[in-house]
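Here the structure comes first, spelled out in structure tokens, and everything after it is commentary.
The values are calculated or read from the model by the stated rules, or taken from the named source; none is laboratory data. Keep in mind that this is a model prediction, so the values were computed, not measured. For neighbour counting, all protein chains shown are included, and Cβ atoms are generated from backbone atoms with ideal geometry for every residue, glycine included. Only protein heavy atoms, including side chains, enter the accessible area calculation; ligands, DNA and RNA are left aside. Shrake-Rupley method; radii C 1.70, N 1.55, O 1.52, S 1.80 Å.
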Amino acid sequence: MSKDKLRELLCQLWHRDISADDAFDELEELINHIKRLEEAGDALANTQTYDLLATVNWRKAKEAKP
């Protein structure tokens, strides 16, 4: 999720342009999208045809994630 998207969502919530339920649903969709992207990256990193350097970089990036 980009900071701009989160900022936009929070501004909409603050100005009551969006309900808390709708904001929560949108955040939940974004979180699920990120999880699917991570799972796809994991699957790709585990294939034998994937570049070894890219696999190492992917795993380092995941370990560095807060």
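Around A45, what is the net charge, scoring Lys/Arg as +1 and Asp/Glu as -1 over all other residues with Cβ under 13 Å from its Cβ?
Here the count lands on -2.
For a paramagnetic label modelled at 7 Å from the Cα of K65 toward its Cβ, which residues of the range 11-44 fall within the zone defined by backbone nitrogen distances under 14 Å?
30-44
Applying 1/(1 + (r/R0)^6) with R0 = 25 Å to the Cβ-Cβ distance of K5 and L44, what FRET efficiency is obtained, to the nearest 0.05?
Here the calculated transfer efficiency is 0.50.
Of I31, I18, which has the most accessible area with a 1.4 Å probe, and how do the rest follow in descending order?
I31, I18
Grab the Cα-Cα distance for L13 and N57, subtract it from 0.36 nm times how many residues apart they are, and report the gain in nm with one decimal.
12.1 nm
Residue by residue through the range 9-25, what is 3J(HN,Hα) from phi via Karplus (6.51 cos²θ - 1.76 cosθ + 1.60, θ = phi - 60°)? Round to whole Hz and write x for glycine and proline.
For the range 9-25, the Karplus-derived couplings read 5, 5, 5, 4, 5, 4, 8, 6, 7, 9, 6, 4, 5, 5, 5, 4, 4 Hz, x marking Gly and Pro.
If one takes the longest principal axis of the Cα atoms in the chain, at what angle in degrees, from 0 to 90 and to the nearest 10, does the Cα axis of helix 52-64 lie?
That works out to roughly 40 degrees.
Please work out how much accessible surface L44 shows to a 1.4 Å probe, ignoring ligands, DNA and RNA, in Å² rounded to 10.
Taking all protein chains as shown, L44 has close to 80 Å².
Rounded to the nearest 500, what is the chain's calculated 222 nm mean residue ellipticity when only DSSP H runs of at least 4 contribute -39500 (n - 2.57) each, over all residues?
Dividing the helical sum by the residues of the chain leaves -26000 deg cm²/dmol.
What number comes out for the charge environment of K62, summing +1 per Lys or Arg and -1 per Asp or Glu over other residues with Cβ under 10 Å away?
With Lys, Arg at +1 and Asp, Glu at -1, the net is 0.
How do R16, R7 rank by accessible surface area computed with a 1.4 Å probe, from largest to smallest?
Output order, biggest surface exposure first: R16, R7.
Using only the heavy atoms of the protein chains and a 1.4 Å probe, how would W58, W14 rank by accessible area, largest first?
The residues order as W14, W58, largest area first.
Does the range 24-66 come out rounded, prolate or oblate by the C-alpha gyration tensor, with a ≥ b ≥ c the root eigenvalues, rounded set by a/c under 1.5 and, if not, prolate when a/b is larger than b/c and oblate if not?
oblate
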